[in-house]
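Working notes, beginning with the structure itself.
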Amino acid sequence: MIRIAACDGKPSFVGELARILDIWADGMCLNMEFRCYESLNDLLTEIELHGHVDLVFLDLCSECGGAEAAGRIRKEDREAELVYVSARRYCRRELFRLHPLDCVSNPLCDSEILELLQRYMDLRKGSKFVFRCRHRIIALAVRQIRYLYHFNRKLYIYCSGNRMFETYMRMEEAERLLSRCETHFFRAHAFYLVNPGFVEQLSCSLLLMNGGDEIPVGRPYGQQLMRYFEAYLKLRKR
């Protein structure tokens, strides 16, 4: 069961969203529940009484929209994915601090919503690292990320296949998001976060990655890093 909610009181918006969701659920053979809530308090009561809501469409132009409403939803249900709906193409910057899945236009566009729903289903299938890159939202499979490098407010994400993406994100935020995933990442340096599956050689001062990249190991991290791989070797011998 996929539970989807909309926080909006306008029948035209609700009817259009329900139509698109029905097309999607029928085409995917999904068991979906869609409910609309005219007030934010009604939605929060639903979450409190009946638990997790998978996807919430929050109309920023309605009385129950805005940064405060998004924050209250996340406080009650940390795993809910938020989709902002706005007549303007871009939302205010503070709204993105809660890392929504996307911000879509109103009136709704069938292809835009269907593409978003496909992205959401891909996220459910495995661990994804989701970030904004220029005017796009990228959802990377975490297992494809080789390492991350932070410099001058930008996060550079190096992936298998010689791909690289960049986004504005603090290293601490990236580390927190990746800590929820099955793939373990470790700090090798204040500026580097590394997927151990791509490490070929290591010492207390340097990592050699699959592909030839060399990553410096910061002094506070060297011994911890060696202990991690020594434990990994012992586990593999069992």
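The values are calculated or read from the model by the stated rules, or taken from the named source; none is laboratory data. Being a predicted model, the structure only gives us computed values, none of them experimental. Note that each Cβ is placed from the backbone with ideal geometry, even for glycine, and that neighbours are counted across all protein chains shown.
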Residue match in segment 141-149 (condition: part of a helix (DSSP H, G or I), polar (S, T, N, Q) and surrounded by 13 or more Cβ atoms within 10 Å (Cβ to Cβ)): yes
Selection from segment 13-44 of residues that are assigned to a strand (DSSP E or B) and either within 23 Å of the chain's Cα centre (by Cα) or without any contact (Cβ under 8 Å) to a residue 24 or more places away in the chain (or both): M32, E33, F34
Residue that is in contact (Cβ under 8 Å) with a residue 12 or more places away in the chain and in contact with a Lys or Arg (Cβ under 9 Å, 6 or more places away or on another chain), where the choices are G211, G222: G211
Enumeration of residues in segment 149-177 that are among the aliphatic types (A, V, I, L, M) and either touching a Leu at 6+ places or on another chain (Cβ under 7 Å) or closer than 10 Å to L193 by Cα (or both): L155, I157, M169, M171, A174
Residues satisfying the stated conditions in segment 110-127, i.e. at pLDDT 80 or above and surrounded by 14 or more Cβ atoms within 10 Å (Cβ to Cβ): I113, L114, L116, L117, R119, Y120
Considering residues of segment 197-228 that are assigned to a strand (DSSP E or B) and within 29 Å of the chain's Cα centre (by Cα) only, the residue surrounded by the fewest Cβ atoms within 10 Å (Cβ to Cβ): E214
